[in-house]
Amino acid sequence: MATDANKTHCVTCGKEKRAVRCEGCLQLFCYDHFTIHRQDLNNQLDEIEINRDLFRQTLNEQTNHPQIHILIQEIDQWEKDSIKTIQQTASECRQILIQHTTKSVHQIEVNLTRLTNQLRDTRQDNDFNEYDLNQFNQKSKHLAEELDKLINVSILHNSEQLISKISVVVPSGELLSPVVNQDKIKWKKFGKTFAGGYGEGSQLNQLFYPDDMFLDNDEQRIYIADSSNHRIMKWKFNATSGQIVAGGNGQGDRLDQLNQPTHVIVDRSNECLIICDRGNGRVVRWYSNDDLNQEIVVSNIDCSCIALDNSGNLYVSDWENNEVRRWKDGDKTGTVVAGGHGKGSHLNQLYHPSYIVVGEDHELYISDCENHRVMKWMKGAKEGTVIAGGHGQGNSLTQLSSPTGLAVDDLGNVYIADCYNHRVVRWPKGSREGTLIVGGNGRGKQPDQLGCPTGILFDRHENLYVVDWGNNRVQKFDIDPDKNC
């Protein structure tokens, strides 16, 4: 017979019996009521599965929900009405133009015939003097003026909308806009200063020859390699000044110092910054809130730019050795993945490589600065291909002048900070020439000018940011909604 020590009270019947504890609710049940409790749980699971099936059925019905079809019909009707309005307006303009032209030409022909008859009669009578000749000249000029008026007819584009614009709004209130084709995107020609712009200096609202930047979309912040201030700045969107997050302790090679940093990456997986500390010939990991807990990742290298691939491998462009190396975790010397055959312009060579971008398939895009070209180097390739420039230094749209910063969109279009042409150009995939995006109005400080741009990037809304090196500022060029409808 069981002892009292082995018994406890059942939560259901309250009787003192041997009990079993449910691991879910942690209650004690006698054997009979534990079975019933388990059956209740099974019934609840059955009900959840039934609700799941009902939800799936509802989801399937929602795909063909009449409301969706009603909205689509509404869009279709808007399209028909808009087309009808456009066609009607076009037809009216055609009729007006034809009527005006016909009437004007007829009147000119009448006046020309009258002048012709007068000239014929005057010559036949041989009765004219200087006054008559002057009158004939005036009538001829008047006819020419009337013809000019006819030729110079133009079309006036009214800024008021001819048709009402529609959009799709989801319950959260968010307006869903159509996706703009990346190779057709246009930006406003006048930029706004995002950071700096107060002359060279070391105050928190100033920059001193900034070199490049990194966008942290999650935090809506941009990290700027403020090169000649030997520091990395963090600049929040819409802020009037930045915050020093690395360096800022004077020029030097201590672990709490930097020397002409040119590039920075936010490495969220390791909660640190990776910095191209060019003046010290090293790449360092800088851990936040601890100036002395830094790590030298690569040393004794003339690094000009760094990049990470989607596997966490580090790429470093070596300006002096004219090569790009890849460092995997634990590597001591790295592996040459582009260049490495001395300075030159052959397809297996580079001449002072600067900025690099790594694609999804570990292909490399390299600003081959002194060759005035951009190279694409596939993974494992022995040589690269020229995808922009390569026609000598110059300012035509087939040429570049010391290209620096790079960005690549999902379509493979390449965006280039064309440094000494003071412009940013887009080079469509497979194209033989680029198109001007912003700048290109000579070196200057005006909102539509740049002074030796070095770094570029895009935010999640496709707005363009440019490190305007010579003007000690970062410029933001908003996407132009009027030209991307």
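Quick notes on this structure:
- A count restricted to the range 379-399 and to residues that are in contact with a strand residue (DSSP E or B) (Cβ under 9 Å, 6 or more places away or on another chain), open to solvent by 50 Å² or more (accessible area, probe 1.4 Å) and either in contact (Cβ under 8 Å) with a residue 60 or more places away in the chain or of a type outside the set (Ser, Thr, Tyr) (or both) stands at 8.
- When the range 359-373 is limited to residues that are modelled with pLDDT under 95 and acidic (Asp, Glu), the one that is nearest to HIS341 (Cα to Cα) turns out to be ASP361.
- Whichever residue in the range 374-432 is within 20 Å of the chain's Cα centre (by Cα) and among the acidic types (Asp, Glu) and, among such residues, is modelled with the highest pLDDT: ASP418
Let's see how each residue does on (1) open to solvent by less than 100 Å² (accessible area, probe 1.4 Å); (2) modelled with pLDDT of 70 or more:
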| residue | (1), (2) |
| --- | --- |
| ILE155 | no, yes |
| ILE163 | yes, yes |
| PRO171 | no, no |
| PRO178 | no, no |
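- Candidate set: the range 324-353, residues that are among the hydroxyl-bearing types (Ser, Thr, Tyr) and without any contact (Cβ under 8 Å) to a residue 24 or more places away in the chain; chosen: the one farthest from TYR365 (Cα to Cα): THR333
- Within the option set GLN124, GLN118, being more than 52 Å from the chain's Cα centre (by Cα), open to solvent by less than 70 Å² (accessible area, probe 1.4 Å), at pLDDT 75 or above and not assigned by the TED database to the domain that holds VAL466 holds for one residue only, GLN118.
- The single condition from (1) in contact with a helix residue (DSSP H, G or I) (Cβ under 9 Å, 6 or more places away or on another chain); (2) crowded, with 16+ Cβ neighbours inside 10 Å; (3) farther than 22 Å from SER317 by Cα that ASP211 fails is (3).
- Selection of the range 439-485 for residues being assigned to a helix (DSSP H, G or I) and crowded, with 16+ Cβ neighbours inside 10 Å yields TRP469, GLY470, ASN471.
- Taking the range 413-452 as the range and being of a type in the set (Lys, Arg) and farther than 16 Å from TYR465 by Cα as the test, the residues that pass are LYS429, ARG432, ARG443.
- Selection status of GLN475, over 25 Å from GLN220 (Cα atoms), modelled with pLDDT of 95 or more and not acidic (Asp, Glu): no
- Restricting HIS341, HIS352, HIS346 to residues that are within 24 Å of PHE214 (Cα to Cα) and not charged (D, E, K, R) narrows the list to HIS352.
- Output for the range 247-277, where each listed residue is open to solvent by 30 Å² or more (accessible area, probe 1.4 Å) and assigned to a strand (DSSP E or B): GLN251
- Screening the range 283-322 for strands (runs of 3 or more DSSP E) wholly inside it with 2 or more residues that are more than 16 Å from VAL336 (Cα to Cα) and in the same structural domain as VAL245 (by the TED database) returns the ranges 294-299.
- When each of LEU436, LEU411 is tested for being surrounded by fewer than 22 Cβ atoms within 10 Å (Cβ to Cβ) and either outside the structural domain of ILE366 (by the TED database) or in contact with a helix residue (DSSP H, G or I) (Cβ under 7 Å, 6 or more places away or on another chain) (or both), the lone residue that passes is LEU411.
- Every residue from the range 323-338 that is part of a loop (DSSP other than H, G, I, E, B) and touching a Phe, Trp or Tyr at 6+ places or on another chain (Cβ under 7 Å): GLY334
- So LYS376, is it basic (Lys, Arg), in the same structural domain as GLY392 (by the TED database), surrounded by fewer than 23 Cβ atoms within 10 Å (Cβ to Cβ) and more than 23 Å from GLY434 (Cβ to Cβ): no
- With respect to (1) surrounded by fewer than 20 Cβ atoms within 10 Å (Cβ to Cβ); (2) out of contact with any helix residue (DSSP H, G or I) (no Cβ under 7 Å at 6 or more places or on another chain); (3) in contact (Cβ under 8 Å) with a residue 24 or more places away in the chain, the lone exception for ASP368 is condition (1).
The values are calculated or read from the model by the stated rules, or taken from the named source; none is laboratory data. Source: prediction; values computed, not measured. All Cβ positions, even for glycine, are placed from backbone atoms using ideal geometry, and neighbour counts span all protein chains on display. These area figures cover heavy atoms from the full protein model, side chains too; ligands, DNA and RNA do not enter into them. Shrake-Rupley method; radii C 1.70, N 1.55, O 1.52, S 1.80 Å.
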